[in-house]
Amino acid sequence: MRTVSERTIQMRINKNEAADMLLEMDNILILAHENPDGDAVGSACALCKGLRSIGKRAYISLEPISKTDAFMTEKLVRPAEFIPEHIVAVDTADIKILGVEGSGLDKSCNVELCIDHHMSNVFFARNTYLDESASAAAEAVYDIMKTMNIPFTKDIAECLYVGIATDTGCFRYSNTTSKTFRTAAELADMGVDIGKINKIQFETKTKEYAAIEKMAIASMQTHFDGKCAMITVTHEMFEDSGAADCETKPLSSIPRQIEGVYAGITIKEKKKGLFNISVRTNEPVNASEIAGYLGGGGHRMAAGCTFEGTRQDAEKAVLEAVRTVFEKAGLL
């Protein structure tokens, strides 16, 4: 398999070209970003199931996922003996966050096609289908699969619905468009039990998550006259609650929900000295801009980055970035 140094020049391609590429491939491994959320998992699983339905040999390899997303991955996970000929990434804007744990690959692997919707995509793959107008990567995957004339089953539709519902906050976020609703309606017509999926995805908490959520809320601090709220989840909190990192994604939305907050920050200590920072914002603040000062990126209202150092250094660094963006936005 070719490495980064052997790649041809990276290209941005259209939907038809992406569909043609996938139709020509076989023995495909599908990856997503580190700490995959419902959009990453749903997009990868839907594409894998769709490719299999037209006779392709395809598998997924994703880092540990939450219990609520596990139902989508059954029989799709790469076996150790599978040697892929082609690598496809979904919902991944940068090779720095490509999830390769357990895949037998490293971040220098040759990603032949990336399907994404992040405006911060750096075009790390040889070919990229990027639809910044899509509410979720799953929406972009759906468009490509329709172009390929893949027969949609209830299982595929459920995966795509999870992806779209996750990235739109169950259709509450500003990235939700009329096309998003039309796509969701088409998926519902394919047999998706929307009530059941929504309950599993958005209304069910494990006891472990409930425990760490309580600790996280207790850690909350406000800054800049209440315009920024920040919670910090330490390694000890994970140990005391028994919660797994992959089930704590809902924590990211909590700080932004407070009245008067323009930037909600969630800092999670993934392991000693390594922090994942999630940024959620309200207008006029750009989350991607805040994360960008720390080497990350994402969407205008939702972005993230990683930080190595102490808890105090992580908090100081992100607050400095927030201050800079607030000043540019005229909030300070």
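The values are calculated or read from the model by the stated rules, or taken from the named source; none is laboratory data. Here the structure is a predicted model, which means the values were calculated and not measured. Cβ sites come from the backbone with ideal geometry, for glycine too, and all protein chains shown count toward neighbours.
Just a few scattered comments:
- Enumerated strands (runs of 3 or more DSSP E) restricted to the stretch 81-163, each holding at least 3 residues that are assigned by TED's automatic domain parsing to the domain that holds Met25 and touching a residue at least 40 places away in the same chain (Cβ under 8 Å): 86-90, 127-130
- Looking only at the stretch 107-149, and only at residues there that are more than 21 Å from Ala184 (Cα to Cα) and of a type in the set (Gly, Ala, Ser), the one that is surrounded by the most Cβ atoms within 10 Å (Cβ to Cβ): Ala125
- The residue that is nearest to the chain's Cα centre (by Cα), among those in the stretch 192-214 that are among the acidic types (Asp, Glu) and in a helix (DSSP H, G or I), is Glu213.
- Among the residues making up the stretch 36-58, those that are within 21 Å of Val192 (Cα to Cα), touching a helix residue (DSSP H, G or I) at 6+ places or on another chain (Cβ under 8 Å) and not acidic (Asp, Glu) are Gly38, Ala40, Val41, Gly42, Ser43, Cys45, Ala46, Leu47, Lys49, Gly50, Leu51, Ser53.
- The residues of the stretch 164-191 that are in a helix (DSSP H, G or I) and of a type outside the set (D, E, K, R), listed by number, are Ile164, Ala165, Thr166, Ser178, Thr180, Phe181, Thr183, Ala184, Ala185, Leu187, Ala188.
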